[in-house]
1. Among the residues of region B:30-56, which ones are in a loop (DSSP other than H, G, I, E, B), touching a Lys or Arg at 6+ places or on another chain (Cβ under 7 Å) and touching a residue at least 40 places away in the same chain (Cβ under 8 Å)?
2. Which of the residues that make up region A:130-149 are in a helix (DSSP H, G or I), open to solvent by 20 Å² or more (accessible area, probe 1.4 Å) and either within 11 Å of chain B (Cβ to nearest Cβ) or touching a residue at least 40 places away in the same chain (Cβ under 8 Å) (or both)?
3. Taking interchain pairs and intrachain pairs at least six residues apart, which have beta carbon atoms under 9 angstrom, with the first residue in region B:156-171 and free of Cβ contacts under 8 Å to residues at least 24 places away in the same chain and the second part of a helix (DSSP H, G or I) and among the charged types (D, E, K, R)?
4. Working carefully through the options A:Asp55, A:Asp65, find the one that is within 12 Å of DNA strand D (Cβ to nearest atom) and among the acidic types (Asp, Glu).
5. Can you find even one residue in region A:22-32 that is closer than 30 Å to B:Gly29 by Cα, more than 10 Å from DNA strand C (Cβ to nearest atom), open to solvent by 20 Å² or more (accessible area, probe 1.4 Å) and among the basic types (Lys, Arg)?
6. Given the conditions (1) modelled with pLDDT under 90; (2) within 27 Å of A:Arg66 (Cβ to Cβ); (3) not β-branched (Val, Ile, Thr), and given that A:Leu143 satisfies all but one, which numbered condition is not satisfied?
7. Given the criterion over 30 Å from A:Ser198 (Cα atoms), assigned to a helix (DSSP H, G or I), of a type in the set (A, V, I, L, M) and touching a residue at least 40 places away in the same chain (Cβ under 8 Å), identify the matching residue among A:Leu116, A:Leu108.
8. Which of the residues that make up region A:105-119 are within 10 Å of chain B (Cβ to nearest Cβ) and either open to solvent by 30 Å² or more (accessible area, probe 1.4 Å) or touching a strand residue (DSSP E or B) at 6+ places or on another chain (Cβ under 8 Å) (or both)?
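The values are calculated or read from the model by the stated rules, or taken from the named source; none is laboratory data. Only a predicted model underlies this, so the values are computations on that prediction, with no experimental measurement involved. As a convention, Cβ positions derive from the backbone with ideal geometry for all residues, glycine included, and neighbour counts pool all protein chains shown. Heavy atoms of the whole protein, side chains included, go into the accessibility calculation; ligands, DNA and RNA do not. Shrake-Rupley method; radii C 1.70, N 1.55, O 1.52, S 1.80 Å.
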2 protein chains.
Amino acid sequence: MRKEPRQARSREMVERIIAAGREVLVQAGYEGFSTNRVAEQAGVSPGSLYQYFPDKAAILDEVIDRYWEHNAVLTERALGDRVAQITPDNTRPVIDALLTAMEADPALLRVVHEELPQARWRERRTQLVRRVRELTTAAAIALSHDDPHAADAAWVIVIAMENLATKWVLDRPDIDRDDFIEELNALVAGYLHQRAQSRAVGGRQRTTSS
Amino acid sequence: MRKEPRQARSREMVERIIAAGREVLVQAGYEGFSTNRVAEQAGVSPGSLYQYFPDKAAILDEVIDRYWEHNAVLTERALGDRVAQITPDNTRPVIDALLTAMEADPALLRVVHEELPQARWRERRTQLVRRVRELTTAAAIALSHDDPHAADAAWVIVIAMENLATKWVLDRPDIDRDDFIEELNALVAGYLHQRAQSRAVGGRQRTTSS
DNA sequence: ATTGTATGCGAGCGGGGACTCGCGTAATCA
DNA sequence: TGATTACGCGAGTCCCCGCTCGCATACAAT
C-alpha cells in the first residue's frame with residue numbers, strides 16, 4: 001500500500017477497486033486484467049488506483065489473497081465439528097469441506113487455476129492445502145505407525161485430492177456430488193489399505209498379487 | 001499458414017522460427033513470448049515471421065502441437081510391448097510410460113502446465129490422456145464387469161495420474177522414482193479393489209467399516 | 001470563515017508489442 | 001542472359017498499457 005486511506009470515502013473506494021479487480025479478473029481473464037479496465041469498472045479514475053496501490057500487481061495480490069482467505073474460512077466452517085469422525089476409512093468430511101470451498105466461487109477458481117502463472121502465487125495456496133495434509137497424515141499414521149514412506153503417501157493423497165476436486169468443479173464431469181465423494185473416499189481408503197497390506201506381506205516390492 | 005514455403009531456404013527458416021519459439025517460451029515464459037523476441041532468437045527479421053505464420057498465436061500453436069505430438073510418441077515407445085502385462089494390480093508400465101513422457105522436457109512441461117491459459121489448448125492435451133484412459137478403463141472393467149460407475153472410476157484415475165505425475169516432475173518432491181511408481185500403483189490397485197469390495201458387500205453406501 | 005490536508009480526476013507520457021509495407025536480393029525458369 | 005517469382009529485411013505504424021502529474025474539490029481543524 002502506498003498510503004493509508006484515512007477518510008471513510010477513500011476506504012470505500014479501495015473496497016470498490018478490489019471488488020472491481022475481482023470482477024475484471026473473472027470477466028476478462030488474467031490477460032485482460034488492465035488497470036484502466038479495473039478503474040473503469042470501479043467507476044474511478046486511473047490515477048486514483050495509484051493513491052493506495054503501488055502497482056497493478058498489488059491489486060491482483062489483494063484479490064487473490066482474499067480469495068484464499070475466504071476459502072480457508074469456508075473449509076473450516078464446512079469441517080465444523082465433524083473432524084472427530086475422520087478415520088482412514090471415512091475421509092468424507094474432509095472431502096466434503098474441500099468441495100464446498102471449491103464450489104463457492106467457480107469463476108475465480110477457474111482463473112486462479114487455469115490462467116494465473118502459478119509460480120507467483122505458490123505460497124498463497126498453502127493454507128487450505130496444509131489443513132488437508134494435516135488430516136491426511138493423521139489418517140495415514142493411524143494405519144501404519146512406522147511406515148518410512150508415510151510422508152510420500154500424504155503427498156500423493158493431498159495432490160490427488162486437490163486436483164480431483166478442482167477438476168470436478170471446473171470440468172463438471174457427469175458425476176453426482178455424493179457419488180464423487182464416495183469415489184474419493186474409496187480412493188483414499190483403498191490406497192491406505194493397499195499400502196498397509198503390502199508392507200505387512202513383505203515390505204516394498206515390485207509385484208503384488210491380488 | 002499464410003504461404004507454403006517452397007524453397008529449401010524458407011523451409012529451414014520456418015523450422016528455425018519454431019525452434020526459437022520453443023526456446024523463447026521456455027526462457028521468457030508465456031508472458032515474455034513476443035514476436036520480436038522470437039524473431040531475434042531465430043536470427044530472422046520480424047517481418048519474416050509473417051510470411052508463413054498468420055499471427056503470433058499460430059507460432060505458439062505449432063510449438064505446443066509439436067510438444068504433445070512428441071509426448072504421444074514417447075508414451076507409445078515407453079509402453080512398448082509391455083501393454084500385455086497390465087492388470088488392475090500392475091499398472092506400472094502405464095505409469096512408467098507417463099512419467100517418461102513428462103520427464104522428456106520438464107521446462108516446456110512447466111510452461112504448458114503453469115503458464116498457458118488452459119482454455120485455449122484444451123483439446124491438444126487429449127492424445128496422451130486418451131491413451132491412459134483407454135488402459136485404465138480396461139483395468140477397471142476387468143475387476144467389475146457391470147459397474148454402472150466404471151466411467152467415474154476411470155475419470156478419477158486419469159485425472160489423478162496425470163496431475164500426480166506432472167507435479168512429481170515439476171515440484172521434485174523427495175520421492176524416489178521407483179517408490180513413486182509403487183505408490184501410484186498402490187493408489188490404483190487399492191482404489192479398484194476397494195470399489196469392487198464395496199459393491200460386493202452391498203452396493204454404494206455412505207459408511208464402510210474396515 | 002480560513003487554512004491546511006486528504007482525496008479524486010483524467011489527459012497524457014514513455015514504452016513495448018503485434019503486425020505491415022516497400023524495397024533489395026536470391027533462386028528459378030525460359 | 002533476361003525475366004519472373006520467391007524470399008527476406010527492418011524501419012515504421014498503430015495501439016494499448018502501466019503509470020504520473022498538475023489541478024480542482026471535499027473534508028477537518030482551528
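1. B:Phe53, B:Pro54 - these are the residues of region B:30-56 that are in a loop (DSSP other than H, G, I, E, B), touching a Lys or Arg at 6+ places or on another chain (Cβ under 7 Å) and touching a residue at least 40 places away in the same chain (Cβ under 8 Å).
2. A:Arg131, A:Leu135, A:Ala138, A:Ala142, A:Leu143
3. B:Ile159/A:Lys167; B:Ile159/A:Asp171; B:Asn163/A:Glu162; B:Asn163/A:Lys167; B:Leu164/B:Glu183
4. It is A:Asp55.
5. Among the residues of region A:22-32, at least one is closer than 30 Å to B:Gly29 by Cα, more than 10 Å from DNA strand C (Cβ to nearest atom), open to solvent by 20 Å² or more (accessible area, probe 1.4 Å) and among the basic types (Lys, Arg), which makes the answer yes.
6. A:Leu143 satisfies every listed condition except (2).
7. Only one candidate passes the filter, namely A:Leu108.
8. A:Arg110, A:His113, A:Glu115, A:Gln118, A:Ala119
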